[in-house]
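Scroll down for the structure; my scribbles are underneath it.
Readers should treat all values here as calculations from the given coordinates under stated rules, not as data from a laboratory. Note that this is a predicted model, so its numbers are computed, not measured. So basically every Cβ, Gly included, is an ideal-geometry build from the backbone, and we count neighbours across all protein chains shown.
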């Protein structure tokens, strides 16, 4: 087991009061937890007019995500309010019949066969970054989060849109996403005071403008795609589902789904790769094992989809990174009916939280939960993580539809880049986090490129 314990935010000796929780949450969603939060299995409190519960053990997580999925399928009011202007009725925030229809139509687009096709784009873009970094002098400092963000944005753009987007529009979409996220308040006081969901937040105009820019670009891309003969992109596959029939998608719904897929495929994978580079740089034996595996599996061949299955240690690094720094560290639901959990009444309208940040570091379910230890995810590991304790992609019917896409993308991109380069952390650099909708390294994580 590795002795390296990467940084994590303060843990309070005692639970915070409801008002203190809100104050801390507006600054940082990971600094609201007490030491007890990493040991308790089910918690509840009341914040202003809202009952809030936390499912913090596998049995209760399974109850929420699987057994009583129909009660807890709806995202929280704050999440819906934050993302609806951008995503509309997209898969991420829809529920009920709309969600079931979209999920059924889109699931076949992410089979292993489809992901194998998309993997060609992943490797192609990663190899372009190898050429780009090779032109830099050894020791050049880069912002890793920025680099991984542009890498994954390019991959998802080509996979989604084929050749329709172009560099200028891609940059506009990326910057608009960043502006939208920055404008969203971390914790909306109005939802807890019981105010109507239509009441705007402090940065609502700014967020709406950013969403509108994204909508216009994607609408134009769809219009071009309708006229195109490109058959390989996700856009082309979605356009085959277009029509006016009950079981088909409208053009507006296709736009919403493309934006959902861009958001999920760009931001979360960029964060994961950035954290992985940092963690690898701090444990030489992990870095060496990864390099040995990459050299053995890839040999002198270009990376390809078939290599993914044999990159077991590289994949374990990604899995452990997702455990320590889950891209979406808090998953929130709203109870649509009354329920009872562990003899405790759950009133309709309550907020139910499943918190990967807590589950993934829970003292009852992990050995040395704060240590960076990829070996715990190897096929021959003596203890396998419970699927309802390790939930970086959620679980149950609403598990991330692009989970396999993201796993393949992370492993192949890391393998291609790490075959050619090491990234080192400058002496004295303090690494910390920034957490709004997603969990990312703060200040873009400056590191130095060293050719291998």
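Kindly provide the set of residues from segment 92-116 that are more than 19 Å from the chain's Cα centre (by Cα), outside any helix (DSSP H, G or I) and under 20 Å from residue 404 (Cα atoms), ordered by number.
Answer for segment 92-116, where residues must be more than 19 Å from the chain's Cα centre (by Cα), outside any helix (DSSP H, G or I) and under 20 Å from residue 404 (Cα atoms): just 111.
Could you list, in sequence order, all residues of segment 426-437 that are in a loop (DSSP other than H, G, I, E, B) and crowded, with 17+ Cβ neighbours inside 10 Å?
Of everything in segment 426-437, those that are in a loop (DSSP other than H, G, I, E, B) and crowded, with 17+ Cβ neighbours inside 10 Å turn out to be 431, 437.
So is residue 147 assigned to a helix (DSSP H, G or I), buried (at least 20 other Cβ atoms within 10 Å of the Cβ), without any contact (Cβ under 8 Å) to a residue 24 or more places away in the chain and out of contact with any helix residue (DSSP H, G or I) (no Cβ under 7 Å at 6 or more places or on another chain) or not?
Against the criterion (assigned to a helix (DSSP H, G or I), buried (at least 20 other Cβ atoms within 10 Å of the Cβ), without any contact (Cβ under 8 Å) to a residue 24 or more places away in the chain and out of contact with any helix residue (DSSP H, G or I) (no Cβ under 7 Å at 6 or more places or on another chain)), residue 147 qualifies.
Of the residues in segment 53-74, how many are surrounded by 22 or more Cβ atoms within 10 Å (Cβ to Cβ) and more than 19 Å from residue 358 (Cα to Cα)?
Summing the residues that are surrounded by 22 or more Cβ atoms within 10 Å (Cβ to Cβ) and more than 19 Å from residue 358 (Cα to Cα) in segment 53-74 gives 1.
Is it the case that residue 356 is surrounded by 15 or more Cβ atoms within 10 Å (Cβ to Cβ), in contact with a strand residue (DSSP E or B) (Cβ under 8 Å, 6 or more places away or on another chain) and under 30 Å from residue 113 (Cα atoms)?
Yes, satisfied.
Would you point out which residue out of 383, 389 is surrounded by 15 or more Cβ atoms within 10 Å (Cβ to Cβ) and over 17 Å from residue 274 (Cα atoms)?
389
Suppose the filter is farther than 17 Å from residue 272 by Cβ and either part of a helix (DSSP H, G or I) or in contact (Cβ under 8 Å) with a residue 60 or more places away in the chain (or both); does residue 292 pass it?
yes
Return yes or no: is residue 444 surrounded by fewer than 19 Cβ atoms within 10 Å (Cβ to Cβ), in contact (Cβ under 8 Å) with a residue 40 or more places away in the chain, within 17 Å of the chain's Cα centre (by Cα) and within 22 Å of residue 150 (Cα to Cα)?
yes
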